[in-house]
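Engineer: Before I ask anything, let me first share the structure, which is written out below as structure tokens.
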Amino acid sequence: MPYAEGQHELAITEAERALALDPNSADEHFVLAELVNRAGRPQEAIGLLEKAMRLNPAYPAHYLFILGLAYHVAGRYEEAIAAAKRAFTRNPNLSFRCRHTRFARVEL
């Protein structure tokens, strides 16, 4: 994938094309959200993730984890902690649990 090769904007463009082909795909919204968050556009990522969760009410816990990261990047630390807690309630085996909540709490 272009992102792994350092071609971030190309990866975002490809994800946008994929989403345009399947605009009701929760997973395509998630992929684009993760990419734009890494590109420093957390507000856009939050909107995409919220839509992904509406499209798939049985969304996996990692949607919430990435939502928490986007809140963290946006400086919305309390919401980041809440999203992380919801992720780990949904799936207690998420391996990144402590790291994420610790970073969010440091910012409070």
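The values are calculated or read from the model by the stated rules, or taken from the named source; none is laboratory data. All values derive from a computational prediction rather than experimental measurement. When we count neighbours, we look across all protein chains shown, and the Cβ atoms used for this are built from the backbone with ideal geometry, even at glycine.
Engineer: Within the stretch 67-74, does at least one residue satisfy the condition of being modelled with pLDDT under 95 and over 24 Å from Glu9 (Cβ atoms)?
Structural biologist: So far as the stretch 67-74 goes, yes, one or more of its residues are modelled with pLDDT under 95 and over 24 Å from Glu9 (Cβ atoms).
Engineer: Could you give every pair whose Cβ atoms fall below 6 Å, whose first residue belongs to the stretch 26-48 and is small (Gly, Ala, Ser), and whose second residue is outside any helix (DSSP H, G or I) and surrounded by fewer than 24 Cβ atoms within 10 Å (Cβ to Cβ), counting only separations of at least 6 or pairs across chains?
Structural biologist: Going by the 6 Å Cβ cut-off, the qualifying pairs are Ala26/Asn56.
Residues are listed down the side, and each one gets a yes or a no for (1) under 19 Å from Ala84 (Cα atoms); (2) in contact with a Cys (Cβ under 6 Å, 6 or more places away or on another chain); (3) of a type in the set (A, V, I, L, M, F, W, C):
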{"residue": "Ile12", "(1), (2), (3)": "no, no, yes"}
{"residue": "Leu19", "(1), (2), (3)": "no, no, yes"}
{"residue": "Glu28", "(1), (2), (3)": "no, no, no"}
{"residue": "Val31", "(1), (2), (3)": "yes, no, yes"}
{"residue": "Ala39", "(1), (2), (3)": "no, no, yes"}
{"residue": "Gln43", "(1), (2), (3)": "yes, no, no"}
{"residue": "Leu48", "(1), (2), (3)": "yes, no, yes"}
{"residue": "Met53", "(1), (2), (3)": "yes, no, yes"}
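Engineer: Across the stretch 35-76, what is the number of residues that are among the hydroxyl-bearing types (Ser, Thr, Tyr) and on the phi > 0 side of the Ramachandran plot? Spell out how you get there, then give the answer.
Structural biologist: First, the residues of the stretch 35-76 that are among the hydroxyl-bearing types (Ser, Thr, Tyr): 59, 63, 71.
With the extra rule that they be on the phi > 0 side of the Ramachandran plot, the set shrinks to none.
Result for the stretch 35-76: 0.
Engineer: Here is a check on your reading of the model: is Leu21 modelled with pLDDT of 95 or more, in contact with a Phe, Trp or Tyr (Cβ under 9 Å, 6 or more places away or on another chain) and either more than 24 Å from Asn93 (Cα to Cα) or not small (Gly, Ala, Ser) (or both)? Don't jump to the end; show me each part of the working.
Structural biologist: Working: modelled with pLDDT of 95 or more: yes; in contact with a Phe, Trp or Tyr (Cβ under 9 Å, 6 or more places away or on another chain): no; either more than 24 Å from Asn93 (Cα to Cα) or not small (Gly, Ala, Ser) (or both): yes.
Taking the combined requirement at face value, the residue does not satisfy it.
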